[in-house]
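These notes are about the structure you will find just below.
Values in this text are rule-based calculations from the coordinates and carry no lab data. Just so we're clear, the structure is a prediction, and the values are computed from it rather than from any experiment. Ideal geometry is used to build each Cβ from the backbone, glycine not excepted, and the neighbour counts take in all protein chains shown.
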Amino acid sequence: MKKLVTLVLFFLGCSLGLAQTEAELKSELATKKDSISAIQSRADAIQAKIDALPGWKIGAFGTIGGNLSNFSNWYAQGIPNNASGNIGFTVNAYANLKQEKYFWRNTANLNFSWVKLDDKDDPTDPDGFRQATDVFNISSLYGRYISKTLAVSVLGEYRTTVLSNFNDPGYLDIGTGFTWTPVTDLVVVVHPLNYNFVFSSGDTVFDSSFGAKIVADYTRSIGAVNFKSNLSMFQSYKDSNLSNWTWINSFGYTLWKMIGVGFEFGLRSNKQEALNYAINTLGDTAATFDSIDNELQTYWTLGLSYKF
């Protein structure tokens, strides 16, 4: 009996000792986390000062994702013998020059993906990859400061597809006006004098026109997080049906070294593209701007990210 009591007291003492040790470790861990948070705040403040310094700032981040699969005699599904795949990537790159009296900002956004579904029991079924996502945007903005946050500026922006129908259509905006930079990472462009060139082949509905160009871009890196949001709008003075806008948002979170998780989604409204699709793809030759349903265009991409 005495040995049993001694043994119980021994295990009870060990449990209390472990509990005390665990509490002490949790307390120490909380202190360390507070210290890391304080250090990160100071590092972010220093980085903000570095970003505000004159000179070139160059960087890029993007996502890459894909999967391949092969099925043989998998009777539970509609196509028991097939090979399928999905491959895609996005890139957001910038090269920005900031000086005391002027700035020059250059950006590029690319998003390409390919898919395939090869039914091995159907000899007429295409067995290769097909283009799925096709986005190509580049822009160059130059401005000279007239105050600390306001500048007279000129902008050139080009948007098209690359994998198919290159420059058909293609959009080139060239204009001048003012740029507002209230903080280091935010740029707002308002150009009331802008010409929207639209390039297309054959007899199409696309038309160029004068109008106003508005761009808002916010690009920032905070620790392991990379974020970019770009809104580009054109308002035609000739006809509201010739107006368009595109909004692209990109996120990247670094998990290990330069590798992490990335997500990008885009929204677009373009009535000329909707009418062209109705006439040349759906075969509705009687379609007009008034008869078509200009639905919101969207895309999203999720995958591994890489920060350059």
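Points to keep in mind about this one:
- A Förster radius of 25 Å, combined with the Cβ-Cβ distance separating residue 73 from residue 127, puts the computed FRET efficiency at roughly 0.85.
- The residues packed around residue 134, meaning those with a beta-carbon under 15 Å from its beta-carbon, carry a net charge of 0 if Lys and Arg are +1 and Asp and Glu are -1.
- Contact order relative to length of the range 78-149, as percent, for alpha carbon pairs under 8 angstrom and 6 or more apart: 34
- Amide proton proximity set for residue 294, modelled H, under 5 Å, gap of 5+: none
- Sites residue 166 and residue 120, calculated FRET efficiency, Cβ-Cβ separation with R0 35 Å, nearest 0.05: 0.60
- Applying Stokes-Einstein at 37 °C and 0.692 mPa s to the Kirkwood radius of the range 206-308, computed over alpha-carbon pairs, gives a translational diffusion coefficient of 206 µm² s⁻¹.
- For residue 102, distant residues with modelled amide H under 5 Å away: 145
- Counting neighbouring beta carbons within 10 Å and listing from fewest to most, the residues 279, 146 come out as 146, 279.
- R0 of 22 Å, Cβ-Cβ distance residue 58-residue 188: FRET efficiency to nearest 0.05: 0.50
- Derived scalar couplings between HN and Hα for the range 224-240 equal 8, 9, 10, 9, 8, 10, 9, 10, 10, 10, 10, 10, 6, 7, 7, 7, 4 Hz in order, rounded to whole Hz, by the Karplus curve 6.51 cos²θ - 1.76 cosθ + 1.60 (θ = phi - 60°), x for Gly and Pro.
- Straight Cα distances below 19 angstrom link residue 257 to the aspartates and glutamates 44, with same-chain residues fewer than 8 positions distant left out.
- Spatial separation of Cα centroids for the range 82-117 and the range 142-177, in angstrom: 16
- Projected label points at residue 104 and residue 218, each 7 Å from Cα along the beta carbon direction, are separated by 2.9 nanometres.
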